[in-house]
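Asks: Got a structure for you, questions after.
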Amino acid sequence: GAGVSQSPSNKVTEKGKDVELRCDPISGHTALYWYRQSLGQGLEFLIYFQGNSAPDKSGLPSDRFSAERTGGSVSTLTIQRTQQEDSAVYLCASSTSPGELFFGEGSRLTVL
Amino acid sequence: AQSVTQLDSHVSVSEGTPVLLRCNYSSSYSPSLFWYVQHPNKGLQLLLKYTSAATLVKGINGFEAEFKKSETSFHLTKPSAHMSDAAEYFCVVSPQRSASKIIFGSGTRLSIRP
């Protein structure tokens with residue numbers, strides 16, 4: 001596609017359930033980032049992929065969070081045993097040049 | 001170490017008047033600097049970038065920013081605000097040595113009064 005695509009756009013889940021968020025980056029973009037944006041807050045870095053490997057996963061807040069990327073393209077962010085504090089917008093971005101990011105519209109997660 | 005500080009959390013201007021959003025940075029190396037805009041319920045969009053070429057950078061929608069090394073600033077300006085400029089603006093520093101250590105400022109919410 002022409003831009004970064006994220007799904008679902010909205011997800012409401014119950015505390016304790018697992019969720020998967022998907023990111024389809026711009027074709028040919030080798031770098032992929034996940035960020036979290038809580039209500040009224042700035043961006044919190046979660047993980048960075050270069051190709052299929054994740055040289056920087058330092059932002060993942062706990063071992064309930066994991067991410068993978070396959071075929072150098074689609075990435076999935078998985079949150080296990082969701083908690084209410086996980087409620088946020090999860091943004092994905094892809095890039096070919098450091099700092100120049102193309103963002104998706106985000107997946108809004110609400111944990112009840 | 002790198003850091004970026006947006007000096008105002010909220011700026012309100014009247015339509016047709018100039019816009020100034022302030023950003024100061026700290027970087028051990030020559031950084032690349034960016035401004036992004038985020039409209040409500042949307043992802044971020046790149047407005048402009050500085051990568052050590054011209055110090056005055058022009059971006060989309062009439063915005064521009066000037067890199068001032070002596071002041072470690074990268075303020076965003078626009079001569080005349082439009083209602084559609086109402087959004088959140090983020091100043092970003094990207095160290096040239098690390099693609100993952102991109103640092104986002106805390107954001108400035110721009111409101112436009114009719």
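The values are calculated or read from the model by the stated rules, or taken from the named source; none is laboratory data. Everything quoted here is computed from the prediction, not taken from an experiment. Cβ placement follows ideal geometry from the backbone for every residue including glycine, while neighbour counts extend to all protein chains displayed. Areas reflect the complete protein model, heavy atoms only, side chains present, ligands, DNA and RNA absent. Shrake-Rupley method; radii C 1.70, N 1.55, O 1.52, S 1.80 Å.
Asks: Check B:LEU47: other-chain or 5+ apart residues with amide H under 5 Å from its amide H, H built from backbone geometry?
Replies: So B:LEU47 has HN proximity to B:TRP35, B:TYR36, B:VAL37.
Asks: For B:HIS82, list long-range residues whose amide hydrogen, built 1.01 Å from N in the peptide plane, is under 5 Å from its own amide hydrogen.
Replies: The answer is B:GLY16.
Asks: Leaving ligands, DNA and RNA out of it, report the carbon-plus-sulfur percent of the accessible area of region B:37-101 at a 1.4 Å probe.
Replies: With neighbouring chains kept in place, the figure for region B:37-101 is 52 percent.
Asks: I'd like to check one number: the per residue accessible area of region A:44-94, probe 1.4 Å, reported in Å² as a whole number.
Replies: With all protein chains present, region A:44-94 gives 42 Å² per residue.
Asks: Could you calculate the contour length gain from A:LYS15 to A:GLU68, that is, 0.36 nm times the residue separation minus the distance between their Cα atoms, to one decimal place in nm?
Replies: 16.8 nm
Asks: Still on this structure: Using the Karplus curve 6.51 cos²θ - 1.76 cosθ + 1.60 with θ = phi - 60°, work out ³J(HN,Hα) for each residue of region A:33-41 in order, rounded to whole Hz, and write x for Gly and Pro.
Replies: Taking θ as phi minus 60°, the curve returns 10, 10, 10, 10, 10, 7, 3, x, 10 Hz for region A:33-41.
Asks: List, in order, the whole-Hz ³J(HN,Hα) value for each residue of region A:48-55 obtained from phi through the Karplus relation with A = 6.51, B = -1.76, C = 1.60 and θ = phi - 60°; use x for Gly and Pro.
Replies: 10, 10, 10, x, 8, 9, 10, x
Asks: What total accessible surface area, summed over both chains, is buried at the interface between chains A and B, computed with a 1.4 Å probe and given in Å² to the nearest 100?
Replies: Separately minus together, A and B give about 1500 Å² buried.
Asks: Whole number in Å², please: accessible area per residue of chain B, 1.4 Å probe, ligands, DNA and RNA not counted.
Replies: Accessible surface, normalised per residue, equals 48 Å².
Asks: Right, here's the next one. When each pair of different Cα atoms in the protein assembly as shown is counted once in the 1/r mean, what is the Kirkwood radius in angstroms, to one decimal?
Replies: After inverting the pairwise mean of 1/r, the radius is 18.1 Å.
Asks: Could you run the Karplus curve 6.51 cos²θ - 1.76 cosθ + 1.60 with θ = phi - 60° over region A:3-9 and give me ³J(HN,Hα) per residue in whole Hz, x for Gly and Pro?
Replies: The phi angles translate into x, 7, 10, 10, 8, x, 6 Hz.
Asks: Just to check, using Stokes-Einstein with a Kirkwood Rh over alpha carbon pairs, what's the diffusion coefficient of region B:64-114 at 25 °C and 0.890 mPa s in µm²/s?
Replies: 189 µm²/s
Asks: What is the average number of partner chain Cβ atoms found within 10 Å of a Cβ in A:75-88?
Replies: What the average comes to for A:75-88 is 0.
Asks: In region A:1-43, which residues become less accessible by 20 Å² or more once every protein chain is in place, relative to the chain on its own, using a 1.4 Å probe?
Replies: For region A:1-43, once contacts with the other chains are taken into account, A:TYR33, A:TYR35, A:GLN37, A:GLY42, A:LEU43 lose 20 Å² or more.
Asks: Work out the mean other chain Cβ neighbour count within 10 Å for the residues of B:44-52 and drop it here as an integer.
Replies: Shielding by partners across B:44-52 averages 3.
Asks: Could you look at region A:13-97 and say what percent of its accessible area is carbon and sulfur, using a 1.4 Å probe and all protein chains?
Replies: Here carbon and sulfur together make up 42 percent of the probe-accessible area.
Asks: Continuing with the same structure: With the radius of gyration and the Kirkwood radius both derived from the Cα set of region B:3-113, what is their ratio Rg to Rh?
Replies: 0.95
Asks: Same structure, new question: Dipole of chain B (Lys/Arg Cβ +1, Asp/Glu Cβ -1, origin at the Cα centre): which of B:MET83, B:LEU7, B:SER27 lies farthest to the positive side?
Replies: So the residue we want is B:SER27.
Asks: Comparing the chain by itself with all protein chains present, which residues of region B:71-109 are at least 10 Å² less accessible (probe 1.4 Å)?
Replies: Relative to the lone chain, where solvent access is computed with a 1.4 Å probe, region B:71-109 loses at least 10 Å² at B:PHE90, B:SER94, B:ALA99, B:SER100, B:LYS101, B:ILE102, B:PHE104, B:SER106.
Asks: Give the whole-number value, in cubic angstrom per residue, of the convex hull volume spanned by the C-alpha atoms of chain A.
Replies: Cα convex hull per residue, to the nearest whole number: 92 Å³.
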